[in-house]
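Written out below as C-alpha cells is the structure these notes cover.
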Amino acid sequence: MKYVKDKELLIIIAIYIFITMNLITKDMVLYMNVINPMFWGTILIYLVWNIKKYYIRFNVNKRYFIAIFIISCVHVVAYFYIGFILGFSKSPYNHNILSILKNIITRLLPIISIEITRAVIVTRNKNNKLVLVITTVLLILAEINYGALIMNRQEVFQYIFSDVAGIVSAGILSTYLTLKGSYLLPVVYRLFNKVIILILPVLPNINWFISGAINVISPLVVYILFKYELIKENKDMRKQKENLKSKISYTLAISFSITLICFMLGIFKHEPIAILSNSMAPTFNRGDIVIFEKLEEEQLKEISIGTIIVYTIGDQNIAHRIVDVKKENGTVLYKTKGDSNNMADMEQVQINQIKGVYAFHIKYIGFPSVFLYDFFNNKEAEIEIK
C-alpha cells in the first residue's frame, strides 16, 4: 500500500465497517438514523474541506450524463409497470416535511458521500487494480445491514438475495461508471431511483425474489447500455464489428433473462411450480417442475374428472388430480387426490382456488427449490411451491 494515494480513507472506512458489524446488531435504529449518516456526513465534509488536495478534473461527458438519466427513467418506469401486473401497496415511508428531510439525511446523504469517496480514491488510483478492487469491496461492505444477518436462515437468505446481491451489483457498476465517466453518473443513477421510491405514496407490491432480480439485473442492463455508448464513440471499424458481436450476445442474454423472470413471475399464460413431494408419482416426482396453463373461469368450469389441477390452500400450491366433481348450492366443488396417495384429499377445491391445469413437466430442475425448502424448514416438503 506504499504507493496508494488516500489510503487513510480506506483505513478509516475499514475500521468503520468493523465497528458497525458489532454496533448495528445491538441498536439498528440508532445506527441507521444517527451513526451512519453522521459518519458519511463527516467524510463528505472532510473531502469538501480538503477540496484543493482532492481536486480532480473529472471527465463529465454530457452524452454519458444524458444516457444515464434516460436509463434511470426507463428503470423507474419498468419498476412501476410491474405494479400494474402485481398490484400496488402503500409506501412504508412517511411523506410529511420532517420525514422527507429525515430520509434525505439518513438514506441519500450516505449514498452521495459514498460515491464522492469512491470517485476520489478510484480516480486518483485508477491504474492500481488492487486499490480499485479493495475500494469497491469496502464500499459494498459499508452498505450492508449486518443486523439483517442475525435473523433466521430463511430471512437471511432473502435479505442476501433481495438486497446484498443488488448492493454488490450497484457497487461494481458505480466503480465502472466512475472510471469511465465521473462520480456524477453513479450518483444520478442511484439517487434518481432512491428518490422516486422515497417520495411516492404507493409502490409496486413485489416480493423479495422479484426485488432481488430487479436489483441484480438493473445494474447489468445499465452496464450494457453504457458500454454501448462507449462503443458508439469508437471510430475503429474493426473494433466496432467485434463489439457488435458482444452487444448481440449481451442483448440475447438480457432478453433471455427477462423472459425467464417474466415466466417465473407468472406473467405469461403458462407458469411453473416446483414439486416438493412424491404424492403424484409416477406421473411426476419430487424435484420436477410442473408447467401449468392458466384458464379463464368459464374454462375452469369445464374441467373434468382425471384432470390434474394446480390449486392453492392458504399460501400453499398443490398439484393433484380431480377424482370427483360435485355441485352444492350452485358452487362447483372438486375432490382431488395424489396419484400415489391412498386416500383423497380432505379439503374440497373451489374454482377460485384453482390456478390452472397441468400442461407438462420437466424432470429434476426443481431440486434447488426443494433443497432450499428443506434447508429453511428442517424437514422434507410435503407440498408444491412456486
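The values are calculated or read from the model by the stated rules, or taken from the named source; none is laboratory data. All figures in this text were calculated on a predicted structure; none of them were measured in a lab. Glycine gets a Cβ as well: all are built from the backbone with ideal geometry, and neighbour counts include every protein chain shown.
Some notes on this structure:
- Pairing residues of the range 107-123 that are under 12 Å from Leu185 (Cβ atoms) with residues that are of a type in the set (D, E, K, R), at Cβ distances under 9 Å and at least 6 apart in sequence or on separate chains, gives Glu115/Arg190.
- Pairs, first in the same structural domain as Leu138 (by TED's automatic domain parsing) in the range 171-182, second outside any helix (DSSP H, G or I), C-beta under 7 Å, six or more apart: Leu179/Lys126; Gly181/Asn59; Gly181/Asn61; Ser182/Phe58; Ser182/Asn59; Ser182/Val60
- Any hit, the range 346-358, residues being over 34 Å from the mean Cα position of the chain (by Cα), over 20 Å from Arg286 (Cβ atoms), modelled with pLDDT under 90 and among the aliphatic types (A, V, I, L, M): yes
- Leading residue by the ranking (nearest to Lys90 (Cα to Cα)) among those in the range 174-203 that are basic (Lys, Arg) and modelled with pLDDT under 85: Lys194
- Every pair of residues 6+ apart whose Cβ atoms lie under 7 Å, when the first sits in the range 140-164 and is assigned by TED's automatic domain parsing to the domain that holds Asn22 and without any contact (Cβ under 8 Å) to a residue 40 or more places away in the chain while the second is aliphatic (A, V, I, L, M) and part of a loop (DSSP other than H, G, I, E, B): Val164/Ile144
- In the range 321-345, the qualifying residues are those that are farther than 13 Å from Ile309 by Cβ and basic (Lys, Arg), and the one that is modelled with the lowest pLDDT is Lys327.
- For the range 129-145, taking the residues that are closer than 14 Å to Leu9 by Cβ and of a type in the set (S, T, N, Q), the one that is surrounded by the fewest Cβ atoms within 10 Å (Cβ to Cβ) is identified as Thr136.
- The condition of being more than 21 Å from the chain's Cα centre (by Cα) and modelled with pLDDT of 90 or more holds for only one of Thr123, Thr135, Thr106, that being Thr135.
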